[in-house]
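One structure below.
The values are calculated or read from the model by the stated rules, or taken from the named source; none is laboratory data. Here the structure is a predicted model, which means the values were calculated and not measured. Cβ atoms come from the backbone with ideal geometry, glycine included; neighbour counts cover every protein chain shown. The accessibility values were calculated without ligands, DNA or RNA, using every heavy atom of the protein model including side chains. Shrake-Rupley method; radii C 1.70, N 1.55, O 1.52, S 1.80 Å.
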Amino acid sequence: MKYTEEHEWLRADGEIITVGITAFAAEQLGDVVFVELPEVETVVATGDEVAVIESVKAASEILAPLNGEIVEVNAALIDNPALVSEDPLGAGWFFKIKIDDLAALDGLMSEDEYNDHIA
Amino acid sequence: MADLNTLRLLPLDALHQECGAKMCPFAGYRMPINFPAGVMKEHLHTRSHAGLFDVSHMGQVLLQPKGDMATVALAFEALMPVDVLALQPGRQRYGLLTNAAGGILDDLMFANRGDHYYVVVNAACKETDIAHLTAHLSDVADVIPVTDRALLALQGPEAEAVLEAIVPGTAAMRFMDVAIFGDLWISRSGYTGEDGYEISLPEDLADAFARKLLADPRVLPIGLGARDSLRLEAGMCLYGHDIDTTTSPVEAGLTWAIQKSRRTGGARAGGFPGAARILHELEHGPARLRVGLLPEGRAPLREGVPLVEDGAVIGQITSGGFSPSGERPIAMGYVPTPHAAEGTPLTAELRGRAAPATVTALPFQPNRYKR
């Protein structure tokens with residue numbers, strides 16, 4: 001698992017990367033009431049806004065962690081946005097992205113580094 | 001984010017931390033945004049049981065007459081399109097300070113406590129309000145900021161039973177009654193649409209009193225997040241968002257707060273700042289109106305989202321979010337009066353997309369005051 005400063009986690013399966021938000025971020029957000037997901041086949045660049053999480057309190061964006069193409073989204077979140085809070089590292093994943101450059105993953109934080117980041 | 005350590009602390013700060021509050025800066029204070037239960041549960045608990053809110057950041061002011069109460073009432077009426085003179089001892093009323101352009105400087109609660117008035121104003125406005133009141137009322141009253149008292153709100157259908165067990169006599173109060181019980185200044189009011197009370201008490205007693213309330217299993221501590229979603233469901237204005245110096249009381253749908261005596265033809269018509277505009281709008285209707293909106297689908301429309309027609313912006317959302325009671329997004333905003341009728345379809349522009357919404361009657365949840 002790799003982590004971004006924006007509290008996303010990335011799990012690699014070859015060149016397909018599953019992206020979600022960390023338990024820390026989910027806890028900060030509180031009750032998630034709506035999730036807007038990107039279209040499949042959208043080509044994104046690092047830092048692009050690709051999804052929106054609406055909690056009772058506020059809207060937050062999810063940014064593309066790396067350059068690539070969205071290849072799958074978690075449609076279960078549309079019907080049950082609470083999955084983000086209930087199981088952020090599992091059933092609450094957001095999208096899968098096929099990345100251009102696997103080496104770019106090396107620039108992201110390890111779990112230990114992320115834990116230091118939020119400490 | 002502002003440094004939490006430079007913010008002013010509420011009298012209950014230690015208790016909030018002990019209760020596991022997530023703190024955030026608000027109006028210069030470090031305030032609990034939510035407790036471990038979370039906004040949704042806090043909101044629903046308040047609607048079905050009782051919630052305790054720390055609103056000590058708000059301004060409390062006494063108007064102590066130099067002569068008689070009627071003179072102060074008339075001077076206060078020169079600042080608000082509201083009937084102060086007819087407010088009976090032991091009663092409270094909602095008021096609005098207006099400016100010369102007919103905009104709203106602040107909204108407030110004022111109570112007649114027999115030999116003086118007690119006023120509660122918004123936290124963000126309190127310094128300017130006190131200066132404004134002092135500038136205009138000091139000939140007839142001492143304007144005394146209350147700086148050593150906390151303010152708590154106990155809201156919800158079980159608030160009455162909870163408070164009566166601790167402060168006997170409070171159950172007999174009606175909506176908008178005020179009374180003094182020893183050190184406690186209590187009003188039967190609040191800003192959630194629920195039955196409930198606001199309790200002003202000396203700062204050094206606040207912690208023990210709040211703990212006594214929280215010891216009752218019917219009471220949960222509630223943060224600012226749920227306070228906001230509760231008042232939104234109740235269709236109430238949040239100063240600086242739904243009302244400000246550019247919105248008139250008529251546009252804001254607050255005409256119920258302007259008693260007949262202050263309107264054209266009334267016993268003391270006009271004579272308040274912005275009377276020309278406000279009385280004109282009362283008679284002929286304003287150009288725009290605050291309305292309730294039900295967005296289609298699940299995406300909340302929040303403050304700042306534009307309302308559009310044929311590519312042109314015609315209005316704006318001023319408050320919006322998710323309604324825990326209604327389990328759907330709700331919003332309020334301003335639209336041109338011809339678009340303000342219940343059932344009118346509107347289009348919001350959300351993140352570059354057209355998001356349909358329908359004008360609906362306010363409040364979103366019926367209020368349950370004990371009149």
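For this structure, a couple of remarks:
- When residues in segment A:9-20 are screened for being open to solvent by less than 10 Å² (accessible area, probe 1.4 Å) and closer than 12 Å to A:G92 by Cβ, 3 of them pass.
- Pick from segment B:219-256, criterion surrounded by fewer than 18 Cβ atoms within 10 Å (Cβ to Cβ) and not in a loop (DSSP other than H, G, I, E, B), ranking: nearest to the other protein chains (Cβ to nearest Cβ): B:W256
- Any chance A:E72 is among the acidic types (D, E) and touching a residue at least 24 places away in the same chain (Cβ under 8 Å): yes
- Condition broken by B:V39, with the remaining ones in (1) over 28 Å from B:N367 (Cα atoms); (2) open to solvent by less than 20 Å² (accessible area, probe 1.4 Å) satisfied: (1)
- Candidate set: segment B:257-267, residues that are farther than 18 Å from B:Y94 by Cα and of a type outside the set (V, I, T); chosen: the one surrounded by the fewest Cβ atoms within 10 Å (Cβ to Cβ): B:G265
- Checklist (1) at pLDDT below 95; (2) under 12 Å from the mean Cα position of the chain (by Cα) applied to A:N74, failing item: (1)
- Any hit, segment B:88-110, residues being in contact with a strand residue (DSSP E or B) (Cβ under 8 Å, 6 or more places away or on another chain), hydroxyl-bearing (S, T, Y) and assigned by TED's automatic domain parsing to the domain that holds B:S229: yes
- Flag for B:L350 being within 13 Å of chain A (Cβ to nearest Cβ) and hydrophobic (A, V, I, L, M, F, W, C): yes
- For segment A:55-66, the condition of being farther than 29 Å from B:V39 by Cβ and either aliphatic (A, V, I, L, M) or in contact with a helix residue (DSSP H, G or I) (Cβ under 6 Å, 6 or more places away or on another chain) (or both) holds for at least one residue.
- Selection status of B:G270, without any contact (Cβ under 8 Å) to a residue 60 or more places away in the chain, in the same structural domain as B:F76 (by TED's automatic domain parsing) and either touching a His at 6+ places or on another chain (Cβ under 9 Å) or more than 23 Å from B:D228 (Cβ to Cβ) (or both): yes
- Here B:G28 does not fit the description of being within 14 Å of chain A (Cβ to nearest Cβ) and on the phi > 0 side of the Ramachandran plot.
- Odd one out for A:G30, checked against (1) within 15 Å of the chain's Cα centre (by Cα); (2) within 14 Å of chain B (Cβ to nearest Cβ): (1)
- Residues in segment A:90-108 that are at pLDDT 95 or above, aliphatic (A, V, I, L, M) and closer than 19 Å to A:G14 by Cα: 1 in all.
Quick grid of which residues meet (1) surrounded by 14 or more Cβ atoms within 10 Å (Cβ to Cβ); (2) touching a residue at least 40 places away in the same chain (Cβ under 8 Å); (3) polar (S, T, N, Q):
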| residue | (1), (2), (3) |
| --- | --- |
| A:E39 | no, no, no |
| A:V50 | yes, yes, no |
| A:S55 | yes, no, yes |
| A:L66 | yes, yes, no |
| A:L77 | yes, yes, no |
| A:V84 | yes, yes, no |
| A:F95 | yes, yes, no |
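- Residue match in segment B:62-73 (condition: buried (at least 20 other Cβ atoms within 10 Å of the Cβ), out of contact with any Ser or Thr (no Cβ under 8 Å at 6 or more places or on another chain) and closer than 27 Å to A:A26 by Cβ): no
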